[in-house]
Amino acid sequence: MPTLFTPLQVGELLLPNRIVMAPLTRVRAGSTHIPNNMMVDYYSQRASSGLIMTECTMVDAHACAFMGEGGIYSPAHVAGWKRVTDAVHAKGGRIFMQIWHPGRAAHSLLNDGEQPVSSSAKAIRNETTHTPQGAKPYEIPRALRTDEIPRYVEMFRSATQQAQQAGFDGVQIHGAHGYLIDNFLRDGVNARTDAYGGSVPNRARFLLEVTDAAINVWGAGRVAVRISPLVPFNDMVESQPEALVTYVAQELTRRGIAFLEIRHENHALPNEQAILHIARRHFQGVLMSNGSYTRESGEGTVVGGAADAIVYGRPYIANPDLVERFAKQAPLNEVNYDRLYGGGPDGYSDYPVLAR
Ligand SMILES: Cc1cc2nc3c(=O)[nH]c(=O)nc-3n(C[C@H](O)[C@H](O)[C@H](O)COP(=O)(O)O)c2cc1C
């Protein structure tokens, strides 16, 4: 029976443990979106993780939503990330890049005046976003025309190619949290009447086209997908989450991707557990689960077979040596929530490891 410390084959990689670092936006890259020394330190400090996933990373110069997130759309970005991947590999780690377009969560003030795009012209309601001019309401996005969609698939293809050049071990396609791919997936937003809207297969078409493009670059064993069918963040909702997960899981099985990750708000909620079980039933590959796991609940999930690996977010912010702490059942550092986004190394790359 596997535990959190049993090695796991993921595509072409053998993970030494099943404790995976979640994608975590920390906006330390500055206005160029090019990784710096601080980011090299931060990621390499976490190299004992079974697998690191990077923060969501812009696939295009006009795919900014957070001021200072990383990007992967030019040779300078490739060179910057190569320093990160080299440092992680030098410490014996493995790292996937999460590739991302923010869709309707972008803002024109962050993208040279370009209006955000989405599946449909519906804004995120009752929330604001940070812009160079302070907090602003989200804008009404422009619905992509059918003939424009290939250009957006191409952004993800090109990002995959550049992630490969930057020395990553694979890419995770960000299909969660109400960003561009999720704007197509979930029907609370997607009101299209073309081949990308309506039925579940139509709403999943953009995700699958992006996945196929990434596979064409690098092979299925280097491509992963994250979805969050029940997470309401960014004003998202889905009327048929079971059917959506079933279809996506079946289609991703056919493609043989490296792994599928289900991101939950809280994995312990009965409806979240039901979704994980549906994914388990219909996805014949490595399944990862995320959302409010502790060491104990993560171990229980892996031992019980509901998922193959556990993805930890907030615990990884404050504990670069999370694997060692779990192994010793040692106490965890607390997250400094004032230092989540932006700024310097404090609250980012200065969390202490256990004394040896
Ligand atoms: C500061 C912060 C930044 C995050 N950034 C991302 C991101 O870039 N991409 C993503 O898919 N999820 C992101 N998330 C969500 C996490 O990956 C994870 O799903 C969430 O923290 C729940 O896991 P946990 O309960 O282990 O913290 C972020 C969460 C936090 C707290």
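The values are calculated or read from the model by the stated rules, or taken from the named source; none is laboratory data. These numbers come from a predicted model, not from an experiment. With ideal geometry, Cβ positions are generated from the backbone for all residues, glycine too; neighbour counts draw on all protein chains shown.
Tabulated results
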| read-out | value |
| --- | --- |
| Residue within region 291-305 that is buried (at least 20 other Cβ atoms within 10 Å of the Cβ), within 20 Å of the chain's Cα centre (by Cα) and not aromatic (Phe, Trp, Tyr) present | yes |
| Residue match in region 22-34 (condition: surrounded by fewer than 20 Cβ atoms within 10 Å (Cβ to Cβ), in contact with a Ser or Thr (Cβ under 9 Å, 6 or more places away or on another chain) and farther than 25 Å from ALA309 by Cβ) | yes |
| Per-region count, region 130-156, residues surrounded by 20 or more Cβ atoms within 10 Å (Cβ to Cβ) and closer than 18 Å to VAL27 by Cα | 0 |
| Breaking point among (1) surrounded by 19 or more Cβ atoms within 10 Å (Cβ to Cβ); (2) within 16 Å of the ligand (Cβ to nearest atom); (3) of a type outside the set (Ser, Thr, Tyr), for VAL40 | (2) |
| Per-region count, region 299-316, residues more than 14 Å from GLN273 (Cβ to Cβ), part of a helix (DSSP H, G or I) and away from the ligand (no atom under 13 Å from the Cβ) | 3 |
| Test: residue in region 277-288 that is surrounded by 19 or more Cβ atoms within 10 Å (Cβ to Cβ), in a strand (DSSP E or B) and within 13 Å of the ligand (Cβ to nearest atom) | yes |
| Answer residue from region 157-166, given it is hydrophobic (A, V, I, L, M, F, W, C) and closer than 18 Å to VAL210 by Cβ and is surrounded by the fewest Cβ atoms within 10 Å (Cβ to Cβ) among those | ALA159 |
| Residue within region 331-340 that is in contact (Cβ under 8 Å) with a residue 24 or more places away in the chain and part of a loop (DSSP other than H, G, I, E, B) present | yes |
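Here is a yes/no grid of residues against (1) more than 14 Å from the ligand (Cβ to nearest atom); (2) among the aromatic types (Phe, Trp, Tyr); (3) surrounded by fewer than 18 Cβ atoms within 10 Å (Cβ to Cβ); (4) modelled with pLDDT under 95:
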{"position": "SER48", "(1), (2), (3), (4)": "yes, no, no, no"}
{"position": "LEU51", "(1), (2), (3), (4)": "no, no, no, no"}
{"position": "GLU55", "(1), (2), (3), (4)": "no, no, no, no"}
{"position": "ASP60", "(1), (2), (3), (4)": "yes, no, no, no"}
{"position": "PHE66", "(1), (2), (3), (4)": "no, yes, no, no"}
{"position": "ALA105", "(1), (2), (3), (4)": "no, no, no, no"}
{"position": "LEU110", "(1), (2), (3), (4)": "yes, no, no, no"}
{"position": "SER119", "(1), (2), (3), (4)": "yes, no, no, no"}
